[in-house]
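The values are calculated or read from the model by the stated rules, or taken from the named source; none is laboratory data. Nothing here was measured: the structure is a model prediction, and the numbers come from that model. All Cβ positions, glycine included, derive from the backbone under ideal geometry; neighbour counts span all protein chains shown.
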Amino acid sequence: MDSRQLLVLAINRLPGTKGWKKHRLLLECRDMSDFQESAKQYLSGLRMARRTETVNVQRIISEAEVEIGCLEHWGIQYSVLGNSDYPPALAMISDPPFVLYRRGLVDFNGKPPIAIVGTRRPSGDGLREAYKLGLEFALAAYPVVSGLAFGIDKAAHEGALDGGGRTWAVLAGGLDRPSPFSHRSLATRILDKGGALLGEIPPGGFPLKYAFPRRNRILSGLCRGCITVQAPRKSGALTTAEFALEQDRDLYVGSSGITGPYSEGTRNLEEQGAPVVRSAGDVLADWGRFTDVRRVEAVGAPCSGADMAGLMRKELNGCLYRHYGGWFESRGA
């Protein structure tokens with residue numbers, strides 16, 4: 001067993017400890033004996049401050065030993081805060097995770113990712129807009145990041161996949177059990193198409209309620225910008241927008257998020273100054289990346305057999321996409 005790996009995973013399991021403090025502990029510990037002594041002192045102080053129940057250091061070590069086997073079984077790798085393979089953008093936020101688990105392929109030094117988020121219960125227009133945005137960013141070779149949830153998240157992932165691009169799903173639970181269960185086939189498709197699952201929860205961890213807002217700081221922290229497509233006043237997607245602002249990321253609002261019963265939260269963001277975007281081109285132009293822009297336009301449903309035949313030819317040629325009751329045609333820059 002790799003003693004350094006065991007040390008990292010044991011430190012990561014210390015409760016109530018932020019990423020940079022765990023990083024300092026890693027620098028101070030030469031081996032597991034050092035860890036046991038430091039962990040006992042730390043946990044003793046934590047109990048005094050918070051009146052928590054006793055946490056057994058040996059149990060933490062045993063759980064870390066089991067985790068090593070789980071990582072190997074599921075093909076899960078990880079990056080440690082302070083190491084060269086850790087995503088640079090994420091390391092700059094105020095509370096980066098000590099360990100970022102990953103399953104699949106990621107390039108943290110390529111084109112900057114874009115987060116596309118929103119409500120789990122969007123309108124049809126919101127679904128189509130999220131899909132179109134994911135499609136456009138994928139066609140321009142920008143990674144699309146979302147949370148694998150129902151509604152806007154799923155549509156953004158599917159748009160990116162249909163566009164032949166890579167998409168990353170940031171999870172609130174362990175990467176061995178993507179949630180929700182009904183989206184595990186989508187998670188498999190993401191992995192099969194060269195994308196990735198990411199998160200800070202060790203394998204076996206359930207997506208507990210408190211973990212979703214924590215997850216959202218990672219989702220926005222990985223990205224240069226965040227588009228909140230559509231969100232009501234109490235939507236969890238608004239926490240991602242709040243983190244994006246706190247992290248000095250570019251925040252945008254989808255055009256479908258300005259009117260209608262699903263849009264009070266996004267409408268408030270727009271009133272506070274978030275620009276409204278109608279395409280990936282709007283964002284890329286804002287970033288000064290005019291040459292990367294790929295236009296995708298919604299086209300009308302076919303009215304005749306000839307119309308249908310023409311659309312099917314375009315679909316077979318890879319320039320027409322059909323999803324969420326809409327037809328979308330890629331027309332180049």
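Considering only segment 59-76, I want to know if a residue exists there that is under 18 Å from the mean Cα position of the chain (by Cα) and not hydrophobic (A, V, I, L, M, F, W, C). No, there is no match, as no residue in segment 59-76 is under 18 Å from the mean Cα position of the chain (by Cα) and not hydrophobic (A, V, I, L, M, F, W, C).
Does Ser94 fit the bill of being in the same structural domain as Val170 (by TED's automatic domain parsing) and of a type in the set (S, T, N, Q)?
No: the conditions fail for Ser94.
So that you can scan it fast, the table gives a plain yes or no per residue for (1) out of contact with any helix residue (DSSP H, G or I) (no Cβ under 7 Å at 6 or more places or on another chain); (2) assigned to a loop (DSSP other than H, G, I, E, B); (3) more than 21 Å from Leu191 (Cα to Cα):
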{"site": "Gln58", "(1), (2), (3)": "yes, no, yes"}
{"site": "Ile61", "(1), (2), (3)": "no, no, yes"}
{"site": "His73", "(1), (2), (3)": "yes, no, no"}
{"site": "Ile93", "(1), (2), (3)": "no, yes, yes"}
{"site": "Arg102", "(1), (2), (3)": "yes, no, no"}
{"site": "Pro112", "(1), (2), (3)": "yes, yes, no"}
{"site": "Ala115", "(1), (2), (3)": "no, no, no"}
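In segment 261-283, how many are among the hydroxyl-bearing types (Ser, Thr, Tyr) and more than 12 Å from Leu238 (Cα to Cα)? Selection size over segment 261-283: 2.
Listed by position, the strands (runs of 3 or more DSSP E) contained in segment 187-288 that have at least 3 residues being crowded, with 19+ Cβ neighbours inside 10 Å, out of contact with any strand residue (DSSP E or B) (no Cβ under 6 Å at 6 or more places or on another chain) and among the charged types (D, E, K, R) form an empty set.
Which residues, taken from segment 100-140, are among the β-branched types (Val, Ile, Thr) and crowded, with 24+ Cβ neighbours inside 10 Å?
Those that are among the β-branched types (Val, Ile, Thr) and crowded, with 24+ Cβ neighbours inside 10 Å: Ile114, Ile116, Val117, Thr119.
Which of the following residues is farther than 19 Å from Cys226 by Cβ and not in a helix (DSSP H, G or I): Gly82, Gly69? Unique residue meeting the criteria: Gly82. In segment 5-17, of all residues being surrounded by fewer than 20 Cβ atoms within 10 Å (Cβ to Cβ) and touching a Ser or Thr at 6+ places or on another chain (Cβ under 9 Å), the one that is modelled with the lowest pLDDT corresponds to Gly16. The sole residue among Arg166, Arg120, Arg128, Arg184 that is under 30 Å from Gln5 (Cβ atoms), in contact (Cβ under 8 Å) with a residue 24 or more places away in the chain and either in contact with a Gly (Cβ under 9 Å, 6 or more places away or on another chain) or not assigned by TED's automatic domain parsing to the domain that holds Val8 (or both) is Arg166.
Inside segment 1-34, can you point out the residues that are part of a helix (DSSP H, G or I) and touching a Lys or Arg at 6+ places or on another chain (Cβ under 7 Å)? Hits for segment 1-34 are Ile11, Asn12.
The condition of being modelled with pLDDT under 95 and either aliphatic (A, V, I, L, M) or in contact with a Phe, Trp or Tyr (Cβ under 8 Å, 6 or more places away or on another chain) (or both) holds for only one of Ala187, Ala274, Ala237, that being Ala237.
Could you please give the count of residues in segment 66-94 that are charged (D, E, K, R) and surrounded by 14 or more Cβ atoms within 10 Å (Cβ to Cβ)?
Selection size over segment 66-94: 1.
Of everything in segment 158-177 that is at pLDDT 95 or above, part of a loop (DSSP other than H, G, I, E, B) and out of contact with any Phe, Trp or Tyr (no Cβ under 8 Å at 6 or more places or on another chain), the residue that is farthest from Gln77 (Cα to Cα) is Arg166.
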